[in-house]
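The values are calculated or read from the model by the stated rules, or taken from the named source; none is laboratory data. Because the structure is a prediction, the values reported are computed rather than measured. Cβ placement follows ideal geometry from the backbone for every residue including glycine, while neighbour counts extend to all protein chains displayed. Ligands, DNA and RNA are stripped out before the accessible areas are found, and what is left, the full protein with its side chains, is counted by its heavy atoms. Shrake-Rupley method; radii C 1.70, N 1.55, O 1.52, S 1.80 Å.
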Amino acid sequence: MPNLDKGAIRKRVQGALDLLLKHDRFLLEHDVNERSITHKLAQYLQENFPGWDVDCEYNRIGNQRIDPKRLQFDVNQTSTDDDQGKTVYPDIIVHHRGNQDNLLVIEIKKSTNPETGDHDEQKLRAFTKQLGYKYAIFLKFVTGKENGTLEEMRFI
């Protein structure tokens, strides 16, 4: 499997985003549920990450069957000094199931969501530090308007 650096990751994610905007812009224009958008994007990501598993809201670590993936992170506030592990459901991950080979975690926000991306950014930082994801990307889509599009793609 080729070594994937930040540039290669960006190119593959951009390719998937291009397909989403080409074939599924309707989802953005009609401000559908975020899960619908992440599902379609994950399908295109799977095409661009052969040999990897691409999952939405996956919450397991390695081969564990019972214990879900947890972060030392307060899911109700943006404080980073919470000492309670919280179950987490990342929007999209690129990984190998059954081990801890974690390549990429993606969080998505729609422009019609009143929350800022601060919480998502902190969550992404926790994924890289605590669960060993090599890369983390925050995506923000303009939704609910004609010609829905990508507003922001940012590595965290």
Requested in this report: With r as the distance between the Cβ atoms of K134 and D18 and R0 = 25 Å, compute the FRET efficiency 1/(1 + (r/R0)^6) and round to 0.05.
Outcome: 0.65
**Report entry** Per-residue ³J(HN,Hα) for the stretch 20-34, Karplus 6.51 cos²θ - 1.76 cosθ + 1.60, θ = phi - 60°, Hz, x for Gly and Pro
**Finding:** 4, 5, 6, 9, 10, 4, 3, 4, 6, 4, 9, 6, 5, 3, 3
Query raised in the report: Quick one: Karplus J couplings for the stretch 11-16, per residue in order, coefficients 6.51, -1.76, 1.60, θ = phi - 60°, nearest Hz, x for Gly and Pro?
Result: 5, 5, 5, 4, x, 5
Query raised in the report: Where does each of K6, K11, K145, K123 land when they are ordered by accessible area, with a 1.4 Å probe and the largest first?
Result: K11, K145, K6, K123
Requested in this report: Using label points projected 7 Å from each Cα along Cα→Cβ, tell me how many nm separate E152 and R97, to one decimal.
Outcome: 3.3
Report summary line: Partner lysines whose C-alpha sits under 21 Å from that of K40, ignoring same-chain residues fewer than 8 away, are K11, K22, K109, K110, K140, K145
Query raised in the report: When the Karplus curve 6.51 cos²θ - 1.76 cosθ + 1.60 is applied with θ = phi - 60°, which whole-Hz ³J(HN,Hα) does each residue of the stretch 97-113 get, with x for Gly and Pro?
Result: 5, x, 8, 10, 8, 9, 8, 8, 10, 10, 10, 10, 9, 9, 5, 7, 7
Query - H30-E57 FRET efficiency (beta carbon distance; Förster radius 30 Å; 0.05 resolution) - result: 0.90
